Amino acid sequence: MARRSTKTPGQDQPDDFEERILDIDVVDEMQGSFLEYAYSVIYSRALPDARDGLKPVHRRILYQANEMGLRPDRGYVKCARVVGEVMGRLHPHGDTAIYDALVRLAQPFSMRLPLVDGHGNFGSLGNDDPPAAMRYTESRLSPAAMLMVESIDEDTVDFGPNYDGQEREPQVLPASFPNLLVNGTTGIAVGMATNMPPHNLTEVISAARELIRRPHATLDDLMKHIPGPDLPTGGRIVGLSGVRDAYESGRGTFKIRATATVENVTPRRKGIVVTELPYNVGPEKVIAKVKELVQSKKLQGIADLKDLTDRMHGLRLVIEVKNGFNPEAILEQLYKLTPMEETFGINNVALVDGQPLTLGLKELLEVYLDHRFEVVRRRSEFRRRKRQERLHLVEGLLVALIDIDRVIELIRSSDNAAQAKERLMETFGLSDIQATYILDTPLRRLTRFDRIELEAERDKLQAEIDELTRILESDQLLRKIVSEELAAVAKKYGTPRRTVLLESAGTPAAAVPLEVTDDPCHVLMSSTGLLARTPGADPLPTEGARHKHDLVVSAIASTVRAEIGVVTDTGRLLRVNVVDLPALPPSSVAPNLSGGAPVSEFVSLEADEKVVCLTSLSPDSPGLALGTVQGVVKRVTPDYPSNKEELEVIALKDGDRIAGAVELRTGDEDLVFITDDAQLLRYPASLVRPQGRPAGGMAGIKLADGRAVISFTAVDPGAEAVVVTIAAYSGDALFGAEHGTGKVTPFAEYPRKGRATGGVRCQRFLKGETALALAWAGPAPARAANATGTPVDLPEIDRRRDGSGSPLAKPVTVIGGPAGA
């Protein structure tokens, strides 16, 4: 092949013009052109970015729709307008390709979390009914799409030129949730392809948060949170080995089965009712295949087939079975011969730093989390920079307000604005920006009231700058913020799993981790503040060798998918998802919480705030019982609105805190106060009227001057229980040189008294002892531990109600009872 000059015969040629012919081999030309085409398809069209899970066309649609203001709270606009804006400004390809991409973003049967809110005919399952033309349909961004573009205007991602260099477009979106795993993708490039199934948002975020907490988590750890794909159309995944292979290597296959049941469709005839089909399979395709098999006599026993699908009840295919045929056997034939069972091949190919890579589950989560860490870091830097700029202006204006008369006189005596600015800078030591801002500020703002506002704004800006600086300087705090933001997304947009996982045909998946089913469990909190859950609904064992962190100070029965409440000594109740807690293996001995996680990883506590107990959020519970340091008692009515993450369970007086709290099991327990001057008061819980959450409680115990409550518990009067008291020496921080004295007494030795009385003495002080340091009443046997969770032995039982204590060999910082009691 030869390339010649572009000059045509007859054109004027310069005097020094020389015709030059370049010979190029056709093979080299074809290779170069094909490689350029392949490169363009791979990087600009077919493969998604592993960070936001979007191909360029999808990214441009979302970005341009956001630029057009098509938010969920605005009206719909014609899809043709969106396609035109995207094509003209960002995407130099045909309008059909752009509209097809837009349609898929709006299809709830294609996307697990649709990114476009469509209005009109956007097609049907399996594309049996194609979407209407873009001049008829309307669209706007969905709430989930706003998460994808959230904070894009805060310098969180890089921008680059569009195809003609006249516009700027993002190279990636901030993506506040793992879109690639949640919505999946499919694409065919040159020499490679990608095919990723959708997953459940809550499960994916749970795994991402696990990886934030434990960067070295294994694939098995992550699959406890993500046992398998969760398809928008439901169905059943048969065989989990292929899923695990895909999560490990990035490639694998699994089978998807339709959800079908055998029912009496007529008074005299049974039938097969199909309510869910495999992913991307429509009912028309199934109907056509069944008719073909019946006509060719390859499938017998079918009397009729009806499509009763509607908007009210969703998909419903009714296959009537002839009398004398086994419906279960026909169903197996349908799975074998029709699209009611399809194979899905996972091929996790995505772009990472511009390179197409095949990624496993952990790698996909790591790439996304690294992206979110970078987004939050850049967002924090942007916000800090903006606040610093504003603080600079506010400080300059405050300087002017201090001597406003002189400022006004200086401005009035200046010949022009430039001279006034220079004189302001010289006189008050202001910067050019500050001086300009002062000159541009209206006189009406230079009042004493505005000065107060400016000082308040300055303090607020400085506090925000300090907080943002802490975030930027602490990798742990940055990771915590990303984890909390992900948890908020899961809380707001998470939905239950739709796809059932089966280990084999017809058999529920025995290997599916407990986290994916709502099985019974117990939630435990150790004396060192570790939270964990242990499987099973049976009572927890209480016997066995003692280990570090085995002292359980609070335990409640729950289920894996439920929420529990964490009650703090400031009167707050904070929600925690049980599925987020580490799971302990079943044990025949008393549980050891060494594998638990600190409570601070699940709730945000103030510097001096402590967790006092766990509670279920069931409205059928007898409720919480609370006792405060100042002797107030309260029974809380179990009314916990589901739309609030934080609740107040008692209105505390100034200086008061919760000394103890416990969830009542029957309402027939005895409430027990113990004060630091060794007074114990017990009375039935029935003497305390339940109150709503905003109430402040009622008088619980009469305190001597200067005394305080150090223990509040609830004890079953019919069970074996004990009272443990430990006295401290005066002048020492806790136990003095000899660790103080302790006493263990049967609970039955203490009589019931009336509410708001003074109680009876529970330990006689020895010389040098002035107060109780610790006390506890509860089920036997009592257990004790030091600050690190190491078990400490307590004295033998002493039946003297007001006797003195025995010396302790080791310091004790917490007392409790058996976890199963």
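What follows draws every value from the coordinates through simple rules; no lab data is involved. Everything numeric here is computed off the predicted structure, so don't read it as measured data. Note that we place each Cβ from the backbone using ideal geometry, even for glycine, and neighbour counts take in every protein chain shown.
Overview of results
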| item | result |
| --- | --- |
| Where the Cα pairs of the chain fall when distances are cut into 20 Å bins, in % | 12, 32, 31, 20, 4, 1, 0 |
| Cβ charges +1 (Lys, Arg) and -1 (Asp, Glu), total dipole of the chain, debye | 2820 debye |
| Residue order, fewest to most beta carbons within 10 Å, for Thr628, Thr261 | Thr261, Thr628 |
| Taking the chain and dividing mean pair separation by its residue count, relative contact order in percent (alpha carbons under 8 Å, at least six apart) | 9 percent |
| Diffusion coefficient, µm² s⁻¹, Stokes-Einstein with Kirkwood Rh over alpha-carbon pairs of segment 518-816 at 10 °C and 1.306 mPa s | 82 µm²/s |
| Tilt relative to the chain, helix 361-402 - C-alpha long axis, 0 to 90 degrees, to 10 | 80 degrees |
| Distant-in-sequence amide H partners of Gly571 (H built 1.01 Å from N, under 5 Å) | Ile658 |
| Rg [Å, one decimal], Dmax [Å, integer] - segment 369-479, C-alpha atoms | 17.9, 59 |
| Amide H partners (placed H, <5 Å) of Ile710, local residues excluded | Ile674, Thr675, Asp676 |
| Segment 654-802: Rg to Rh, with Rh as the Kirkwood radius over Cα pairs | 0.96 |
| Between 0 and 90°, nearest 10: helix 26-41 axis offset from the chain longest Cα axis | 40 degrees |
| Cβ-placed point charges (K, R +1; D, E -1), dipole of segment 259-339 about Cα centre in debye, nearest 20 | 240 debye |
| Least to most buried among Tyr247, Tyr335, Tyr99 (fewest other Cβ within 10 Å first) | Tyr335, Tyr99, Tyr247 |
| Footprinting exposure proxy for Ile471, Ile98 (fewest neighbouring C-beta atoms within 10 Å first) | Ile471, Ile98 |
| Counting all C-alpha pairs of segment 259-339, share separated by more than 20 Å (%) | 25 percent |
| Estimated [θ] at 222 nm from DSSP helical runs (n ≥ 4, -39500 (n - 2.57)) normalised by residues in the chain, nearest 500 | -9000 deg cm²/dmol |
| Ratio Rg/Rh, restricted to segment 165-248 and using Cα atoms, in which Rh is the Kirkwood radius | 1.05 |
| C-alpha long axis of helix 201-213 to longest principal axis of the chain, angle in ° | 60 degrees |
| Loop-located GluC sites (Glu not before Pro) in segment 598-634, at most 12 other Cβ atoms within 10 Å (DSSP) | Glu606 |
| Space enclosed by the convex hull of the alpha-carbon atoms of segment 767-821, per residue, Å³ | 101 Å³ |
| Distance in nm between pseudo-label sites at Arg458 and Val262 (7 Å out along the Cβ direction from Cα) | 8.2 nm |
| Estimated Rh, segment 311-365: Kirkwood, alpha-carbon pairs, angstrom | 15.7 Å |
| Mean projected area (nm²) of the alpha-carbon convex hull when segment 303-435 is viewed from all directions | 19.9 nm² |
| Whole-number D in µm²/s for segment 54-174 (Stokes-Einstein; Kirkwood sum over Cα pairs; 10 °C, 1.306 mPa s) | 110 µm²/s |
